[in-house]
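No value in this document is a laboratory result; all are computed from the given coordinates. Quantities reported herein were computed from a predicted structural model and do not represent experimental measurements.
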Amino acid sequence: MINMEGKVLSVCISSEKGTKKREVDSARLIPNCGIEGDAHADSGPRQVSFLSIEEINKMKRLIPDLKPGDFAENIDTQGIDIDQIKIGDRIIIGDNIILETSQIGKECHSGCEIQKITGDCIMPKKGVFAKVLKGGIVKRNDNLRVEMLGPQKFIK
């Protein structure tokens, strides 16, 4: 198993779908639901969304005033190579929160504000979505680790 280590840079929520999220000091992750108080919390596969600051900084060249949550992401990370994450990998936050990657990227809804400004949005390619397996409180500067489970090996 290969691991990557980084940290949580921001935690964001919104009370309505289709809007930018706002940064909060901390949030409660609820198993098989998502972030308490976030409009996207439900039992589906996209309970929590992640985006790396490294990818956000690339977009800041076009939109210098981007803020956490502007891509409607829940958690911004630092030090994690998003391109290496695969479905089924585990994301561990702090000592006890466990999520399982359920989707890489998404279809961008029509009318995305970022896409209107730049002609492109990074969530369809660089967004990582996960299901909450074990909940807890997440906050800025929490340690974050990705346990990359690697390719499945089959025994003949």
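See the values below:
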| quantity | calculated |
| --- | --- |
| The range 2-148: relative contact order as a whole-number percent, Cα under 8 Å and 6+ apart | 36 |
| Gain on full stretching of the segment that runs from Glu36 to Leu62 - 0.36 nm per residue minus C-alpha separation | 6.1 nm |
| Rounded to whole Hz, the Karplus (6.51, -1.76, 1.60) HN-Hα couplings of the range 12-24, x for glycine and proline | 9, 9, 9, 8, 10, 6, x, 10, 5, 9, 10, 6, 10 |
| Those lysines that a straight Cα-Cα span of less than 19 Å connects to Lys7, excepting residues fewer than 8 apart in one chain | Lys58, Lys67, Lys86, Lys126, Lys131, Lys134, Lys139 |
| Segment Thr19-Gln103, length gained on full extension (0.36 nm per residue, minus Cα span) | 28.2 nm |
